[in-house]
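**Student:** Would you mind keeping the following structure in view while I ask a few things?
The values are calculated or read from the model by the stated rules, or taken from the named source; none is laboratory data. If you're wondering where the values come from, they're calculated on a predicted model, not measured in any experiment. Ideal geometry is used to build each Cβ from the backbone, glycine not excepted, and the neighbour counts take in all protein chains shown.
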Amino acid sequence: MRKYSVFALAREAMRSHSGWQKQWDNPEPRTQYDVIIIGAGGHGLGTAYYLAKEHGITNVAVLDKGWIGGGNTGRNTTIIRSNYLYDESAGIYNHAINLWEDLSKELNYNVMFSQRGVMMLAHNVHDVQSLKRHVHANRLNGVDNKWITANAAKEICPPLNISRTSRYPVVGAALQKKGGTARHDAVAWGYARAASAMGVHIIQNCEVTGINRNTDGSVSGVETNRGTIGAMKVGVVAAGHTSSLMDMAGVRMPLESYPLQACVSEPIKPIIPCVVMSNSVHAYISQSDKGELVIGAGTDQYTSYSQTGSLHILTHTLDAICEMFPIFTRMKMLRSWGGIVDVTPDRSPVVAKTPISGLFVNCGWGTGGFKATPGSANVFAHTIAHNQPHKINEGFNLERFSNGRLIDEAAAAAVAH
Ligand code: FAD
Ligand code: PYC
């Protein structure tokens, strides 16, 4: 089943861009930076880019234990939408969509943002109520989303089976037309190239093994497999690994890490014109520009740092996809893979200061942080530069887990999380 390694292909592709590779391929770390970002995924690289571009802070290093975009940024299924229930979420995900719309131009790098629409299927009365509630809440927040009938869903996406006798009958759907997809690794490469051009150091194969503190408790830098590196401020943006990194600074995080997996089929001619998600059966599908059907499963039901999901979870997803799209029953899987996502108790992220002076954290995006990449990076850079949150990420703080001001988005994704 795991026939090709997507990461070997990604590495190969990066090597072939040797001109850019030279710019970010392991510069010697300086002894002192203004800001160190731990994690060269889209959120970390984007943060460095906005620190340099919007706040004039260029003495920045982005450290990664592997290679850029080798974490969840290069492993996700690229769905972008902002149809979340609560005001805080509408704020941050819509901020992201607005930035996505200009990102290719801004970075001079084609991130292949495609607003092909995201359709969320309702299969029963509960789904109808929940999705209609989201539609109403979204419209009040200026987020586009509308309710459509099963026939309208079929008109938009002809391979969808809407027979009343199917195992998961479709009784309607919510459609966010501004939602869609982008090319995941292009986002990391685009931010990396642009940040590097402004003087940011991007240091791969550099694992952070400790977070150092001054005698007054504030952050003084990090320990790495390439030695001690000093910094006035440190931002942890290491999805899936946040708890162990924050533990190095003595901060206990309200997070659990789970494997999340996906797969693609062999490539075929264009057949799925939008993203189709089913919250009830935990399956979703879209088609990449290369023609592969991109299919995602739910999280495993146990915590783990393994970057492989359990086979029965993927099997369930493929069963559900074949029920909803019988036309795909004889398709062949090309490859499958997994990532590790970290999940908070209310399924919303933390983009915030921490109790340690100079230490900031961006985590807890769970199964849904790709869509947020530009928005999250933009407000995290603001938070680091100003030592206080941007209005958009004020609610995504750590204090909410003690004062109870939770942002409960547990029903927001079509992914078991
Ligand atoms: P990452 O890209 O994971 O980057 C973190 C980096 O930190 C990694 O490169 C890692 O090597 C590095 N790191 C970790 N520990 C250390 C250390 N000690 N020292 C140095 N570096 C370290 N979201 C969506 O919105 N839509 C989707 O369709 C979607 N589908 C998904 C499907 C799958 C299968 C998975 C796994 C996730 C999916 N997500 C999706 C979630 C999304 O991928 C993540 O929320 C997002 O990519 C997180 O980006 P990041 O930059 O924070 O983290
Ligand atoms: O948040 O839309 C999402 C998503 C889809 C797949 C994984 N996450």
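**Student:** Out of everything in the stretch 138-155 that is buried (at least 18 other Cβ atoms within 10 Å of the Cβ) and out of contact with any helix residue (DSSP H, G or I) (no Cβ under 8 Å at 6 or more places or on another chain), what residue ends up being farthest from K177 (Cα to Cα)?
**Tutor:** Step by step, filter the stretch 138-155, then rank; the result is A150.
**Student:** Which of the residues belonging to the stretch 84-109 are crowded, with 19+ Cβ neighbours inside 10 Å and over 24 Å from E409 (Cα atoms)?
**Tutor:** If the condition is that a residue be crowded, with 19+ Cβ neighbours inside 10 Å and over 24 Å from E409 (Cα atoms), then L103, L107, Y109 are the ones that fit.
**Student:** Considering only residues that are part of a strand (DSSP E or B) and small (G, A, S), look in the stretch 308-361 and name the one that is farthest from ligand 2 (Cβ to nearest atom).
**Tutor:** A352
**Student:** Which one of these does G221 not meet: (1) within 11 Å of ligand 1 (Cβ to nearest atom); (2) closer than 20 Å to K353 by Cβ?
**Tutor:** For G221, the failing item is (1).
**Student:** Among residues belonging to the stretch 279-290 that are touching a helix residue (DSSP H, G or I) at 6+ places or on another chain (Cβ under 9 Å) and within 11 Å of ligand 2 (Cβ to nearest atom), point out the one that is nearest to C157 (Cα to Cα).
**Tutor:** Among residues in the stretch 279-290 that are touching a helix residue (DSSP H, G or I) at 6+ places or on another chain (Cβ under 9 Å) and within 11 Å of ligand 2 (Cβ to nearest atom), the one nearest to C157 (Cα to Cα) is I285.
Here's the yes/no breakdown for (1) of a type in the set (V, I, T); (2) closer than 21 Å to D247 by Cα; (3) more than 10 Å from ligand 1 (Cβ to nearest atom):
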| site | (1), (2), (3) |
| --- | --- |
| T303 | yes, yes, yes |
| W337 | no, no, no |
| I340 | yes, yes, no |
| P349 | no, yes, no |
| N362 | no, yes, no |
| W365 | no, yes, no |
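**Student:** Being surrounded by fewer than 18 Cβ atoms within 10 Å (Cβ to Cβ), at pLDDT 95 or above, out of contact with any Cys (no Cβ under 6 Å at 6 or more places or on another chain) and among the hydrophobic types (A, V, I, L, M, F, W, C) narrows it down to one of M112, M1, so name that one.
**Tutor:** After ruling out the rest, the residue left standing is M112.
**Student:** Give the number of residues within the stretch 286-319 that are over 18 Å from the mean Cα position of the chain (by Cα), buried (at least 18 other Cβ atoms within 10 Å of the Cβ) and charged (D, E, K, R).
**Tutor:** Final tally of qualifying residues: 1.
**Student:** Which strands (runs of 3 or more DSSP E) does the stretch 183-292 wholly contain that include 3 or more residues that are among the small types (G, A, S) and in contact with a Cys (Cβ under 6 Å, 6 or more places away or on another chain)?
**Tutor:** Those strands (runs of 3 or more DSSP E) do not exist here; none qualify.
Residues are listed down the side, and each one gets a yes or a no for (1) more than 30 Å from L45 (Cβ to Cβ); (2) not polar (S, T, N, Q):
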position	(1), (2)
G91	no, yes
S104	no, no
L140	yes, yes
V143	no, yes
N161	yes, no
M198	no, yes
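**Student:** Spot the failing condition for T58; the list is (1) polar (S, T, N, Q); (2) away from ligand 2 (no atom under 15 Å from the Cβ); (3) in contact with a Phe, Trp or Tyr (Cβ under 6 Å, 6 or more places away or on another chain), and only one is missed.
**Tutor:** In the conditions (1) polar (S, T, N, Q); (2) away from ligand 2 (no atom under 15 Å from the Cβ); (3) in contact with a Phe, Trp or Tyr (Cβ under 6 Å, 6 or more places away or on another chain), T58 misses (3) alone.
**Student:** Let me ask something else about it. Can you tell me which residue within the stretch 55-106, out of those that are of a type in the set (D, E) and more than 16 Å from T373 (Cβ to Cβ), is farthest from ligand 1 (Cβ to nearest atom)?
**Tutor:** Selected residue: D87.
**Student:** State which residue pairs qualify: first residue hydroxyl-bearing (S, T, Y) and inside the stretch 62-74, second residue more than 6 Å from ligand 1 (Cβ to nearest atom) in any location, beta carbons under 9 Å apart, and separation of 6 or more residues or different chains.
**Tutor:** T73/L45; T73/H184; T73/D185; T73/V187; T73/A188; T73/T373
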